Amino acid sequence: MRLEKCWFCSSTIYPGHGICFVRNDSKLFKFCRTKCHKNFKMKRNPRKVKWTKVYRALQGKDLCNDTVFQFERRRNRPLKYNREIINSTLSALGKLDAIRSRRTNRFFENRVNKAKDVKFVHDKQLIEQNIGLVRSSHNGRMKDTKDSNKIKLDASMTLFHSKQEE
Amino acid sequence: MIQVGTLLAISDNSGAKKAKCIKILKKTKKNMGQVGDLIVVSLQETNPKNNTKTLKKGQLFKAVLLETKRPKRRQDGTSYTFQRNSAALLSAQGSPLGTRVQGTAPFEVREKNFMKLLVLASTTL
């Protein structure tokens, strides 16, 4: 049985899952679940919806255009049964899966680390530009509180004196 | 879920445009028409360019349901829906009235042995 790809989120549709919509011009739209079907009915563009694979690929958030993904391809010509080929492909499946997960993980780590570096540089620049706003927290605050107390005291004393004079 | 009173689009080129379902030819108690079912329709609207002499409003025909909006589930677990409810007209002998079907003819039509309709349809599903 063929494992199709979801039209909206491009995840695999396993047998017994999802629904297929046939348009009046007999074009097929296959969906993996009702979430994708509903989004299609709402006329949403999968390129603009953040959780779809197309969006993530476009934004450079996921690994794509890698040689690992080229094994998974739509083939319309059925292969004649051959025990050797079947055995070799079955044994290669695990290895391929390991390679794929390793590469995707590495891609993700690189992306996150790069983002961290960029954020650090940006923060540093912000501090350098607005150094006047930075205060050595402890001393500054203590002085402030004392001064404000003094002012309050001064004010109350002047009031007291003025009342006495009257 | 086609029942008595449902308006259907006619997807063949017989000259009819719209028809109303007046009977579902099934022996079961729940008479809900699904894809591939035989029904009786009365014509509601005909195409003024085609066959105006032969087809008139109110005429009765047997027809085969080809597309339904209600999801149809198959034995292999897949399910599919269509954009409209449509049928193709049959003559009194049981052969299709049109010479072309614009739209899909699903696998259920083959199961019910309407093989000529399958040949006429632009795509099969």
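How high is the relative contact order of chain B, given as a whole-number percent (alpha carbon pairs under 8 Å, six or more residues apart)? Can you show the working numbers first?
Working: 304 pairs, mean separation 29.6, N = 125.
Answer for chain B is 24 percent.
Could you work out, residue by residue across A:10-19, how many beta carbons of other chains sit within 10 Å of that residue's beta carbon, and then give the average as an integer? Present the calculation step by step, with values, prior to reporting the outcome.
Numbers: counts 0, 0, 0, 1, 1, 3, 5, 3, 4, 6.
Across the residues of A:10-19, the mean count of other-chain Cβ atoms within 10 Å is 2.
So, how do all the Cα-to-Cα distances of the protein assembly as shown break down into 10 Å bins, in percent, from 0 on up?
Pair shares across the bins are 5, 17, 18, 15, 12, 9, 7, 5, 5, 4, 2, 1, 0.
Taking a temperature of 37 °C and a viscosity of 0.692 mPa s, what whole-number D in µm²/s does Stokes-Einstein yield for region A:63-134 with Rh from Kirkwood over alpha carbon pairs?
Result for D is 199 µm²/s.
Going down the list B:17/B:69; A:27/B:69; A:41/A:61; B:62/B:116; B:17/B:72, which pairs span over 21 Å between their C-alpha atoms?
Working: B:17/B:69 18 Å; A:27/B:69 15 Å; A:41/A:61 26 Å; B:62/B:116 15 Å; B:17/B:72 24 Å.
Cα-Cα > 21 Å for A:41/A:61; B:17/B:72; rest within.
When you look at the Cβ of every residue in A:42-51, what mean number of other chain Cβ atoms sits within 10 Å?
Values: counts 0, 0, 0, 0, 0, 0, 0, 0, 0, 0.
The per-residue average across the peptide is 0.
Taking beta carbons within 10 Å but only from partner chains, what does the mean come to for residues B:67-79?
Values: counts 3, 0, 0, 0, 4, 1, 2, 0, 0, 3, 6, 10, 5.
That works out to 3 on average.
Residue-wise, which Karplus ³J(HN,Hα) couplings in Hz belong to region A:25-42, taking 6.51 cos²θ - 1.76 cosθ + 1.60, θ = phi - 60°, and x for glycine or proline?
8, 6, 8, 9, 10, 9, 10, 7, 7, 5, 4, 5, 5, 5, 4, 5, 5, 7
If you take every residue apart from residue A:66 with its C-beta less than 12 Å away from the C-beta of residue A:66, what net charge results, scoring Lys and Arg +1 and Asp and Glu -1? Write down the numbers at each step before the final one.
On the way: positive: A:100, A:102, A:103, A:106; negative: A:62, A:72.
Charge balance in the 12 Å sphere: +2.
Amide H to amide H, which residues 5 or more places from residue A:4 or on other chains are under 5 Å from it, using H placed in the peptide plane?
So residue A:4 has HN proximity to A:13.
Please grab the % of Cα pairs in region B:7-124 that end up more than 23 Å from each other. Numbers along the way, then the final one.
Details: 1613 of 6903 pairs.
Taking all Cα-Cα pairs of region B:7-124, the fraction more than 23 Å apart is 23 percent.
Among A:34, A:67, what is the fewest-to-most ranking by other Cβ atoms within 10 Å? Before the final figure, lay out each step's value.
Values: A:34 11, A:67 8.
With the fewest neighbours first, A:34, A:67 line up as A:67, A:34.
Counting other C-beta atoms within 10 Å, and keeping those with at most 13, which DSSP coil chymotrypsin sites (Phe, Trp or Tyr not before Pro) do you find in region A:18-106? Walk me through the intermediate numbers first.
Working: sites: A:21, A:29, A:31, A:40, A:51, A:55, A:69, A:71, A:81; in loops: A:51, A:81.
Here the chymotrypsin sites (Phe, Trp or Tyr not before Pro) that fit, given the DSSP loop and packing criteria, are A:51, A:81.
To the nearest Å, what is the center-to-center distance of region B:44-101 and region A:10-42, using C-alpha atoms only?
24 Å
Quick check: pseudo-label points 7 Å beyond the Cα along Cα→Cβ at residue A:45 and residue A:79, how many nm apart are they?
Label-label distance for residue A:45 and residue A:79, simple model: 3.9 nm.
Based on the alpha carbon coordinates of region A:1-56, what radius of gyration and maximum Cα-Cα distance (Dmax) apply, in Å?
When restricted to Cα atoms, region A:1-56 yields Rg and Dmax of 11.0, 31 Å.
Would you mind ranking A:62, B:76 by Cβ crowding within 10 Å, fewest neighbours first?
Details: A:62 15, B:76 9.
Starting with the residue having the fewest Cβ neighbours, the order is B:76, A:62.
Since every read-out is calculated from the coordinates, none of them should be taken as a lab result. Computed from a predicted structure; not experimentally measured. A quick note on method: Cβ atoms are made from the backbone with ideal geometry, for glycine too, and the neighbour counts reach across all protein chains shown.
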